[in-house]
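The next block holds one structure in the form of structure tokens; read it before the comments.
Read the figures in this text as sums done on the coordinates, not as results from a lab. What you are looking at is a predicted structure, and each value in this text was computed from that prediction instead of being measured. Here the Cβ is made from the backbone with ideal geometry for all residues, glycine too, and neighbour counts use every protein chain on show.
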Ligand SMILES: Nc1ncnc2c1ncn2[C@@H]1O[C@H](COP(=O)(O)OP(=O)(O)OP(=O)(O)O)[C@@H](O)[C@H]1O
Ligand SMILES: [Mg+2]
């Protein structure tokens, strides 16, 4: 039975904002998420790490119902997103901001139109749209004069920040970041990390940050999950091979976590090179 909008009690602050239970996601015979479970308390910043292709983006998309799981459940504010009405799901999505992997701005829309885009589907706020766009741009360290520019005229770092402004437009309680610093130089990456920290404080958001950037993890996260590709799991092993604060990453005895954190492929290089031209530590 679908749950009515009125039954979602967003004031239950003791309840996890996000609760994932035994989530299974497959594409054909390719199982990507193999029974993943975790929950996130309100106000927490969770980083999700793991090698390319392990299912981090799939996990984020599953949290807001953009991908349907084969089994398991996702609850947002206690509401199971598979059983609520589409209207209630749409309402929950307006309370979730998504900062996409490639910023995902519309090239044919100006910066202001991109930031205001979520309002096209929702009630306009009482504050003027233009004013709120400018306020968000300033907050994210951008000059409001770029409002009439098109994304193609912006640097990668500026595009990421415009993507953050768009995600914040609807005053979300949950922010999902997919690779917020990928492709940016170390200085601009640090600016983004700082903005993630400030956004948490200024907007009281709960955040999930999918990233490969260990500086982002150490600077912004309270807690880290590391996912292993389902294909690499030992029999009966949990796909989340690390769940703890960033400071514990250096103390774990799991070699797979250590290698990821150090960026050290170790003995996996030979396995990754299909023609076996890398042997005994040398290219032949
Ligand atoms: N819509 C889809 N259809 C089929 N397969 C998909 C789809 N979306 C994702 N996959 C597959 O699921 C796996 C996980 O993809 P995902 O994008 O979540 O990886 P990721 O951990 O985010 O990697 P990266 O760090 O490179 O972004 C990949 O093998 C990918 O090919
Ligand atoms: Mg991804």
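Overview of values
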read-out: Computed Kirkwood radius, in angstrom, where 1/r is averaged over Cα pairs of segment 8-164; value: 17.7 Å
read-out: Kirkwood Rh in Å, taken over all unlike Cα pairs in the chain; value: 20.2 Å
read-out: In nm, spacing of pseudo-spin labels at residue 86 and residue 237 (7 Å Cα→C-beta vector); value: 4.1 nm
read-out: Segment residue 106-residue 148, extension gain: residue separation times 0.36 nm, minus the distance between their alpha carbons; value: 13.8 nm
read-out: 187, 209, 64, 40 arranged by Cβ crowding within 10 Å, fewest neighbours leading; value: 187, 64, 40, 209
read-out: Residues 169, 255, 164, sorted so that the one with the fewest Cβ neighbours within 10 Å comes first; value: 255, 169, 164
read-out: Backbone N under 19 Å from the residue 37 label point (7 Å along Cα→Cβ), restricted to segment 51-74; value: 59, 63, 69-74
read-out: Convex hull per residue volume in Å³, alpha carbons only, for segment 105-171; value: 73 Å³
read-out: Rounded to 10°, Cα long-axis angle of helix 156-168 versus longest principal axis of the chain; value: 60 degrees
read-out: Helix-only [θ]222 nm of the chain, DSSP H runs n ≥ 4, -39500 (n - 2.57) each, per residue, nearest 500; value: -8500 deg cm²/dmol
read-out: Ranked list, fewest to most other Cβ atoms within 10 Å of each Cβ, for 54, 149, 133; value: 149, 54, 133
read-out: Per residue convex hull volume, Cα atoms of segment 139-191, in Å³; value: 95 Å³
read-out: Share antiparallel - DSSP beta bridges, the chain, percent rounded to 5; value: 55 percent
